[in-house]
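See structure below.
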Amino acid sequence: VSGKPAEVRMGKGKGAVDHWAARCHPGRILFEIDGVADDVAREALRLGAAKLPVRTKVVTRLDAGVAHVEHVA
């Protein structure tokens with residue numbers, strides 16, 4: 001998303017990039033973690049979820065092929 005500074009005349013092209021935005025629909029997997037212990041991965045995801053403006057949940061893949069869902073925030 002781009003924006004121009006306050007009190008700048010119209011024209012002269014598009015403003016500089018102000019911030020980035022991305023659409024994320026419900027059910028989308030945002031992060032996958034592999035190669036670390038479960039407790040370390042859960043703590044990392046918990047800390048990351050605290051910085052996101054949406055509700056999140058941790059989904060783990062079990063050997064049986066059934067997903068386990070744990071609500072985080």
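Observations
- Counting only lysines at least 8 places from residue 12 when in the same chain, those with an alpha carbon closer than 19 Å to its own are 4.
- Derived scalar couplings ³J(HN,Hα) [the stretch 49-60; Karplus, 6.51 cos²θ - 1.76 cosθ + 1.60; whole Hz; x for Gly, Pro]: 5, 5, 8, 8, x, 10, 6, 10, 8, 9, 10, 10
- Taking other C-beta atoms within 10 angstrom as a stand-in for reagent exposure, 59, 1 fall in the order 1, 59, fewest first.
- By other beta-carbon atoms within 10 Å, ranking 23, 46 with the fewest at the front produces 23, 46.
- For GluC sites (Glu not before Pro), the sites in the stretch 1-43 that DSSP calls loop and that have at most 15 other Cβ atoms within 10 Å are 7, 32.
- Remark: spin-label model distance residue 37-residue 8 equals 5.0 nm, labels positioned 7 Å along the Cα→Cβ axis.
Any read-out appearing in this document is the output of simple, stated calculations on the displayed coordinates, not a laboratory observation. Bear in mind that the values here come from a model prediction, so they are computed numbers and not experimental data. Backbone-built Cβ (ideal geometry, glycine too); neighbour counts: all protein chains shown.
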